[in-house]
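I have placed the structure first, in the form of structure tokens, so that the comments after it can refer back to it.
The values are calculated or read from the model by the stated rules, or taken from the named source; none is laboratory data. Values in this document were obtained by computation on a predicted structure and should not be read as measured data. Cβ placement follows ideal geometry from the backbone for every residue including glycine, while neighbour counts extend to all protein chains displayed. Each accessible area value is taken on the protein alone, full model and side chains, heavy atoms only, with ligands, DNA and RNA left out. Shrake-Rupley method; radii C 1.70, N 1.55, O 1.52, S 1.80 Å.
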Amino acid sequence: MKILQPDYYKDFKCIASACEDTCCAGWEVDVDDEKYHFYKTVKGALGKRLKEVMVPKKKGEGCSFELSEDKRCPFLDKENLCDIIKELGEEAICETCTDYPRFIRDYGQTREIGLVPSCFTAAQLMVNKKKLSVIVSKQDDDLRLELNDIDAELFFELKDLRSRIFMCLADKKRPVEDKLSDILDIAQEYEDDCGKSKDPTSAYRGHKDPVKMFFKPFDGMETVNPKWDDYVDDTHEFEITDDDYREVCKKIPQLSRALEELAFYYFYRYIMEAVYDAKILTAAKTAVVAFICCRHICTMEFIKNGKLSCDDIAEIFHVYSRHLEHSEVNWNRFFDEYETNTIYSKKTLKKILKGQY
């Protein structure tokens with residue numbers, strides 16, 4: 001079978017207890033069914049602790065760990081090390097902990113792997129890249145995947161679409177905002193061909209800055225990282241213009257390159273997932289909204305602090321990804337909004353990218 005991954009994937013190395021924002025805190029720990037049954041057999045003090053915090057899910061779906069009052073995994077010690085690993089070894093941890101920050105998606109006989117920027121170290125790799133990523137492939141004839149029921153024709157169409165997107169992003173002669181605008185049109189064309197387009201037909205016509213509306217909290221919103229709330233509060237204090245964006249990019253050349261890389265990640269990960277629902281434009285919007293939001297926060301942080309390091313940019317990518325991708329509540333709400341709210345219509349996003357608000 002074929003395995004695809006971005007070229008920087010091989011460079012990732014977990015920094016474990018040295019990580020300032022551990023992946024073992026802030027969100028639910030899902031345990032696969034195999035490890036769930038194994039944990040039920042563990043004896044002694046650790047076995048007792050496991051039984052006290054395991055919350056069973058539906059049959060065959062494993063369980064989750066009940067987090068501590070401070071939202072940490074109950075097996076994370078004061079040094080941010082795992083008690084399960086210390087006592088039973090790395091082979092005893094569940095798939096969630098083994099895989100993260102990697103994501104793995106199987107499509108027929110193709111496996112796609114990548115790194116999620118909700119991990120600060122993974123975000124650093126993105127930010128520090130000098131050239132736009134490319135997807136590399138390798139053959140693994142020993143790996144066998146279970147058959148799945150994807151639409152083969154749509155799968156190959158999406159592969160072609162994503163290749164067009166990557167080619168568009170790779171054009172060094174055009175501003176990234178112009179390229180993203182064109183990509184929205186490309187995605188719309190493909191979605192129209194599928195007959196399932198749900199994009200709001202009009203642009204946002206409210207009096208407030210539409211980008212600020214991206215940061216408006218909603219009832220039930222989950223805060224995975226408290227720093228997100230700080231960013232939201234700052235959006236009410238600072239007026240950011242397109243001239244501000246351009247000025248910051250002149251002073252911090254790596255910012256534009258990093259934002260382009262962030263968009264690449266979201267296109268790489270989510271365009272192919274449209275094979276299950278044909279929501280191609282919605283998947284493309286996920287990348288464009290991430291670009292606009294993180295561009296806004298980066299500019300705001302530079303104006304606020306008078307500086308913006310590569311690590312600052314990585315931190316912003318990291319917090320944004322945690323807020324969006326590691327809360328099912330937040331993810332589902334935003335995904336619905338992309339299809340129903342004029343703030344996220346294609347026309348609105350294109351106007352924002354062109355500086356017309």
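Counting only protein heavy atoms and a 1.4 Å probe, tell me what percentage of the range 208-347's accessible area is made up of carbon and sulfur. Before the final figure, lay out each step's value.
Values: 2440 of 5230 Å².
About 47 percent, which is the carbon plus sulfur part of the accessible surface.
Please state, as a whole number in µm²/s, the translational diffusion coefficient that the Stokes-Einstein equation yields for the range 230-357 at 4 °C and 1.567 mPa s, with Rh defined as the Kirkwood radius across alpha carbon pairs. Don't skip to the answer; put the middle values down first.
Numbers: Rh = 15.3 Å.
The diffusion coefficient I find is 84 µm²/s.
Nearest 500 deg cm²/dmol is fine: what mean residue ellipticity at 222 nm does the chain get from its DSSP H runs of n ≥ 4 alone, each adding -39,500 (n - 2.57), divided by its residue count?
Numbers: 15 runs with 177 residues, N = 357.
Mean residue ellipticity, 222 nm, calculated: -15500 deg cm²/dmol.
Determine, from the Cβ-Cβ distance of residue 3 and residue 207 and an R0 of 51 Å, the FRET efficiency 1/(1 + (r/R0)^6), rounded to the nearest 0.05. Provide the component values of the computation, followed by the final result.
On the way: r = 50 Å, r/R0 = 0.98.
Efficiency, from the Cβ-Cβ distance: 0.55.
What does the extension gain come out to for residue 81 and residue 173, with contour length at 0.36 nm per residue minus their alpha carbon separation?
Values: separation 92, 0.36 × 92 = 33.12 nm, distance 4.67 nm.
So the chain would gain 28.4 nm between residue 81 and residue 173.
At most 10 other Cβ atoms within 10 Å and a DSSP loop assignment: could you name the trypsin sites (Lys or Arg not before Pro) in the range 259-329 that fit?
Values: sites: 269, 279, 285, 295, 304, 307, 322; in loops: 279, 307.
Filter output for the range 259-329: 307.
Output needed: percent of Cα pairs per 5 Å distance bin for the range 139-185, bins running from 0 to the one holding the longest distance.
5, 17, 17, 14, 15, 11, 9, 8, 3
Would you mind checking 173/354; 212/347; 10/251; 198/227; 251/285 for any pair whose Cα atoms are more than 22 angstrom apart?
Values: 173/354 16 Å; 212/347 17 Å; 10/251 31 Å; 198/227 33 Å; 251/285 28 Å.
10/251; 198/227; 251/285, as the Cα separations exceed 22 Å there.
Quick one: helix 253-270 against the long Cα principal axis of the chain, what's the angle to the nearest 10°, folded into 0 to 90?
Once rounded, one gets 60 degrees.
Could you work out how much longer the chain between residue 198 and residue 246 gets when fully extended? Use 0.36 nm per residue separation minus the Cα distance between them, nm to one decimal.
Working: separation 48, 0.36 × 48 = 17.28 nm, distance 3.25 nm.
Using 0.36 nm per residue and subtracting the Cα-Cα distance, I get 14.0 nm.
Show which lysines lie in cross-link reach of residue 78 when reach means a straight Cα distance below 16 angstrom and same-chain residues fewer than eight apart are skipped.
Hits, sequence-local ones excluded: 86.
Quick one: grab the alpha carbon gyration tensor of the range 74-155, order the square roots of its eigenvalues as a ≥ b ≥ c, and give me rounded if a/c is under 1.5, else prolate or oblate depending on whether a/b is larger than b/c. Mind showing how you got there, number by number?
On the way: a/c = 2.61, a/b = 1.39, b/c = 1.88.
In terms of gyration-tensor shape, oblate.
I'd like the per residue volume of the convex hull spanned by the Cα atoms of the range 49-188, given in cubic angstrom.
Numbers: hull volume 29.9 nm³, N = 140.
Given the Cα convex hull of the range 49-188, per-residue volume reads 213 Å³.
With N denoting the number of residues in the range 169-307, provide Rg(C-alpha) divided by 2.2 N^0.38 Å, to two decimal places. Write down the numbers at each step before the final one.
Details: Rg = 16.2 Å, N = 139, 2.2 N^0.38 = 14.3 Å.
Output field value: 1.13.
Viscosity 1.002 mPa s, temperature 20 °C: give me the Stokes-Einstein translational D for the chain in µm²/s, with Rh taken as the Kirkwood radius over C-alpha pairs. Kindly include the intermediate steps, with their values, before the conclusion.
Working: Rh = 21.8 Å.
Translational diffusion coefficient: 99 µm²/s.
Gap in Å between the Cα centre of the range 164-224 and the Cα centre of the range 64-137?
A separation of 28 Å, based on Cα centres.
I need the semi-axes of the equivalent ellipsoid of the range 240-281: take the C-alpha gyration tensor, multiply each eigenvalue by 5, square-root it, list largest first in whole angstrom. Display every interim value, and only then the final one.
Values: eigenvalues 187, 28, 4 Å².
In descending order, the three semi-axes are 31, 12, 4 Å.
Between residue 333 and residue 49, what FRET efficiency comes out of the Förster formula 1/(1 + (r/R0)^6) with R0 = 41 Å and r the beta carbon distance, rounded to 0.05? Mind showing how you got there, number by number?
Numbers: r = 34 Å, r/R0 = 0.83.
E between residue 49 and residue 333, to the nearest 0.05, is 0.75.
Remind me, relative contact order of the chain in percent, using alpha carbon pairs under 8 angstrom and six or more residues apart? Before the final figure, lay out the partial values.
Details: 472 pairs, mean separation 78.5, N = 357.
Dividing the mean separation by the residue count of the chain yields 22 percent.
Give me the extension gain from residue 234 to residue 150: residue separation times 0.36 nm, minus the current Cα-Cα distance, reported in nm with one decimal. All intermediate terms of the calculation are to be shown ahead of the outcome.
Numbers: separation 84, 0.36 × 84 = 30.24 nm, distance 4.32 nm.
Full extension from residue 234 to residue 150 adds 25.9 nm.
What range in the chain is the longest one free of GluC sites (Glu not before Pro) that are in a loop by DSSP and have at most 11 other Cβ atoms within 10 angstrom? Walk me through the intermediate numbers first.
Details: sites that count: 20, 69, 79, 146, 237, 239.
Formally, the longest exposed-site-free interval is 240-357.
Of 170, 213, 340, which is farthest towards the positive pole of the chain's charge dipole, taken about the Cα centre with +1 and -1 on the beta-carbons of Lys, Arg and Asp, Glu respectively?
Sorting the options by dipole projection puts first 170.
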